[in-house]
Amino acid sequence: MADEEHHPIEFDFPDISRWRQSASGAEYVHVLDSGEPGPVVMVNALTHGNEVSGAIVVDALLSAGLKPRRGALILSFANVAAYQTFKIETPFKSRMLDEDFNRVWGRIDMPHNGEAETREMTRARVLLPFVRRADLLLDLHSMHDDCVPLMLCGPLDKGVALAKQVGTPIDVVRDRGHAAGRRMRDYGGFGDADSPKNALLIETGQHWRASSVVVAKDVTARFLDLSGVVEAGDLPVGWRQPDPPAQRVVQVTQAVATKRGDFKFVRRMHGQEVIAAAGTLLGHDEGEPVHTPYDDCVLVMPANHRVRPGVTIVRLGRIVG
Ligand SMILES: [Zn+2]
């Protein structure tokens with residue numbers, strides 16, 4: 001696929017400008033407090049500016065006037081500045097401005113002496129007190145390639161357990177985080193096995209598929225219901241979908257990155273495709289062959305498009321549950 005060829009955009013992007021003003025003190029971050037004891041639950045959209053299914057969901061929850069019965073609900077749009085740069089001719093560019101918002105979370109607590117920093121880091125500092133406050137976080141994402149939905153539950157058992165309680169989608173991906181920088185979903189207590197805090201990251205499907213919105217609504221409704229801050233009947237009608245067949249958990253064992261950006265698969269690969277035999281040729285990076293390292297190897301988010309040097313082309317995983 002050429003860089004800018006992509007799936008057609010099947011929905012209208014929401015005008016979220018009316019959510020800019022907020023009593024929380026942070027633009028595009030809304031804190032709904034029940035005044036009753038209970039967990040602080042955060043649902044966040046637009047960590048990546050072109051991942052719109054999540055923005056549709058958060059916009060809809062705010063529009064519906066959803067109020068928590070217990071605890072507090074934080075509804076946020078993260079990289080709004082990137083979202084607002086969207087151009088139909090270059091739809092992938094609005095993912096970020098200066099750097100990936102989801103790689104700054106390992107650096108955010110380091111001493112900061114006021115020197116210039118990326119717009120993403122500046123925005124992450126605005127979100128930080130809310131992320132710290134959250135007991136439960138759902139971060140809504142979507143994917144460049146046309147791939148089945150994936151729940152990224154992080155490295156810990158508690159993430160897997162929460163993904164199973166949510167009960168959808170079929171594919172739960174357990175990984176060790178991101179080598180290029182810590183994600184929001186791995187920050188602080190979310191990444192600490194001894195903390196009761198927990199977080200999930202849902203990849204709802206291709207960025208602009210209508211089905212990605214259906215997945216985002218389903219997962220969000222299940223997550224909020226499970227959290228206890230609302231009751232099922234408080235949620236918009238029709239969001240929850242039937243339970244899928246049994247979920248499966250894929251443990252990512254390694255990531256394959258391209259050295260100089262000229263990786264080519266031997267054929268078009270499908271997300272979550274299982275390659276039966278160890279040693280099967282997947283593709284070539286600068287002419288060097290890349291093979292599957294073990295039997296029943298799952299291809300997690302293969303990038304069939306060209307990516308920049310050093311970027312992950314596919315993660316490889318084993319089915320563990
Ligand atoms: Zn994303």
Distance between the range 237-258 and the range 15-65 - C-alpha centres, whole angstrom: 24 Å
Student exercise, the range 167-289 dipole from Lys, Arg, Asp, Glu Cβ charges, in Debye to nearest 20: 280 debye
Qualifying trypsin sites (Lys or Arg not before Pro) in the range 69-158, DSSP loop, other Cβ atoms within 10 Å at most 11: 87
When the accessible area of the chain is split by element with a 1.4 Å probe, what percent falls to carbon and sulfur? 52 percent
Below 23 Å, Cα to Cα, which lysines can residue 164 reach? Residues fewer than 8 away in the same chain don't count. 197, 217
Tabulate in residue order the Karplus-calculated ³J(HN,Hα) for the range 210-215, using 6.51 cos²θ - 1.76 cosθ + 1.60 with θ = phi - 60°, rounded to whole Hz; enter x for Gly and Pro. 4, 5, 5, 5, 4, 5
On average, how much accessible surface per residue is there in the range 221-265, in Å², for a 1.4 Å probe, leaving out ligands, DNA and RNA? 51 Å²
Relative contact order for the range 85-193, counting Cα pairs under 8 Å that sit 6 or more residues apart, in percent: 31 percent
I need to check one value: relative contact order of the chain, counting alpha carbon pairs closer than 8 Å and at least 6 residues apart, in percent. 17 percent
What whole-number value in Å² describes the accessible area per residue of the range 18-87 for a 1.4 Å probe? 36 Å²
One point scatterer per Cα, no solvent, Debye formula: log10 I(q)/I(0) for the range 17-234 at q = 0.10 Å⁻¹ comes out as -0.39
Over the range 201-281, what number does the Rg to Rh ratio reach, with both radii from the alpha-carbon atoms and Rh per Kirkwood? 1.10
So how tilted is helix 119-133 from the main axis of the chain? Cα-based, degrees 0 to 90, rounded to 10. 60 degrees
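The values are calculated or read from the model by the stated rules, or taken from the named source; none is laboratory data. This is a predicted model, so every value here is computed, not measured. Backbone-built Cβ (ideal geometry, glycine too); neighbour counts: all protein chains shown. The area values use the complete protein model at the heavy-atom level, side chains included, leaving out ligands, DNA and RNA. Shrake-Rupley method; radii C 1.70, N 1.55, O 1.52, S 1.80 Å.
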